[in-house]
Amino acid sequence: MHEENKSTPVPMAFMRFLLAIHKDEGSCYGVTVPDVPGCFSAGDTLDEAIDQANEAIFGHLALMLDDGQMFPAAQPFEVHRANPEYADAIWSYAEVDLSTLDDKAERVNITLPRRVLALIDKHAKAHHETRSGFLARAALAEMRG
């Protein structure tokens, strides 16, 4: 019997996202990602706006994964084109590499002083964690500030 996967599926390569680009007189290019609610970016040039959109999409989806949310389903272009909110939009696509968002464990080789490694192991053991689990959690906590 096939058991349904309860984890968030993450594409292992590039994923295309539709971009709605707006430009008002005297302003930057604004980019909205219709299939990722709340995801937007801007740039002084069209190329910069699209590059910033790639980063915004990646960051937004990473946060969604961290919160245990599923990726939103993409709607056909015609659905967005018919939306009055995007009436004056210039349309483009962003291809975003989502391969680094998976949670597959990867073996790495790091070098640490023995004293530091002993302290890490002592702390991990006291908190019923593995060395790898502790290092991953500590790194994520540090990066989140």
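The values are calculated or read from the model by the stated rules, or taken from the named source; none is laboratory data. Just so it is clear, the structure is predicted and the values come from calculations on it, not from any experiment. Virtual Cβ from ideal backbone geometry, glycine too; neighbours counted across all protein chains shown.
Miscellaneous remarks
- Leading residue by the ranking (surrounded by the fewest Cβ atoms within 10 Å (Cβ to Cβ)) among those in segment 38-58 that are among the β-branched types (Val, Ile, Thr) and part of a helix (DSSP H, G or I): Ile50
- Answer residue from segment 4-37, given it is closer than 25 Å to Val79 by Cβ and exposed (fewer than 11 other Cβ atoms within 10 Å of the Cβ) and is modelled with the highest pLDDT among those: Pro37
- Criterion violated by Val108 - all others in (1) surrounded by 10 or more Cβ atoms within 10 Å (Cβ to Cβ); (2) within 25 Å of the chain's Cα centre (by Cα) satisfied: (1)
- You will find that of Asn83, Asn54, the residue that is out of contact with any Lys or Arg (no Cβ under 7 Å at 6 or more places or on another chain), modelled with pLDDT of 90 or more, within 15 Å of Arg16 (Cβ to Cβ) and of a type outside the set (Lys, Arg) is Asn54 and no other.
- In segment 19-28 there is at least one residue matching the filter, namely being more than 15 Å from Ala94 (Cβ to Cβ) and small (Gly, Ala, Ser).
- For the condition in a helix (DSSP H, G or I) and in contact with a strand residue (DSSP E or B) (Cβ under 9 Å, 6 or more places away or on another chain), Gln75 does not qualify.
- Qualifying position, being within 28 Å of Met64 (Cα to Cα), at pLDDT 90 or above and surrounded by 11 or more Cβ atoms within 10 Å (Cβ to Cβ), among Leu117, Leu135: Leu135
- Residue list for segment 128-142, restricted to those being in a loop (DSSP other than H, G, I, E, B) and of a type outside the set (S, T, N, Q): His128, Glu129
- So Lys122, is it free of Cβ contacts under 8 Å to residues at least 12 places away in the same chain, basic (Lys, Arg) and either assigned to a helix (DSSP H, G or I) or in contact with a His (Cβ under 7 Å, 6 or more places away or on another chain) (or both): yes
- Flag if Ala74 is of a type in the set (A, V, I, L, M), at pLDDT 90 or above, surrounded by 11 or more Cβ atoms within 10 Å (Cβ to Cβ) and closer than 29 Å to Leu19 by Cα: no
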